[in-house]
Amino acid sequence: MTTTKLPIVLTRTEIQQLLLVIDPKYKLIAQLLYGSGLRLMEAVRLRVQDIDFDYLSVMVWQGKGNKNRRVTLAAELIPDLHIQIHHVEQYFQADFYNPHYAGVWLPYALARKYPAAPKEMGWQYLFPSGKLSVDPESKLLRRHHIDETTVRRAVKLAARQAKIKKNVTCHTLRHSFATHLLEAGADIRTVQEQLGHTDVKTTQIYTHVLKQGASGVRNPLSQLL
């Protein structure tokens, strides 16, 4: 008999506490991990043009299984996203003064189809690295995205500082997004689409979290006391 390992989920209060103490440099990306249900690598690979302010959504290209999807974006993040894009523009303008700068990395097929794209603002990473580096494959000077390990460390540290007694990872924020959506009445298919799951059975694990907790069981002791 196989047992299903249930995901670790934070309460809304724990999410608030974590976001309150996290290093400000990583707060916005953490807010996207939770508020848009992104996987860590999906978040660090976001391009400026993936943010749709008009339709309050985020485009995720080639997520797990090379699937594309459109996910929700909290309106409250708009001011901070504009500030972040301004930071990207500052890097972008400075990079052009470097004669060796080759533009941002693009997948091979895209780079062939849009040869000018690496030096266009829309294609720049939303969360760029603080320094230029040589691409190990092409040997060209580029500005990569932020290192995902630094985000992992920031989330771990914030969880400790917030005195959360759970094993918190970046993926915990995605688990919490899914569980809180279901808790708020979203249907399972909507949550499946937001998460980019191929099989709805993968999404149903979050209903088990609810059924085994306060939302699903009337505790017999509580009825006596």
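Quick look at the values:
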item	result
Pairwise label distance in nanometres, residue 134 with residue 157, each label 7 Å out on the Cα-Cβ vector	3.0
Label of the coordinate-derived value, Cα extents along the principal axes in Å, listed as (1) 50, 37, 35; (2) 75, 38, 36; (3) 38, 37, 32	(2)
Highest average packing first - 84-93, 21-30, Cβ atoms within 10 Å	21-30, 84-93
Separation in nanometres of the label points that stand 7 Å from Cα toward Cβ, at residue 13 and residue 200	3.4
Whole-Hz couplings from phi, Karplus 6.51/-1.76/1.60, listed for region 36-49; x for Gly and Pro	10, x, 7, 6, 4, 5, 5, 5, 5, 8, 4, 9, 3, 6
Estimated dipole of region 99-206 in Debye, rounded to 20 [Cβ of Lys and Arg +1, of Asp and Glu -1, Cα centre]	480
Too-long pairs where the Cα-Cα distance tops 31 Å, listed order kept, from 67/156; 25/163; 119/166; 165/201; 25/119; 27/166	119/166
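Readers should treat all values here as calculations from the given coordinates under stated rules, not as data from a laboratory. Since we're looking at a predicted model, the values are computed, not measured. Counting neighbours? That spans all protein chains shown, and the Cβs are built from the backbone with ideal geometry, glycine included.
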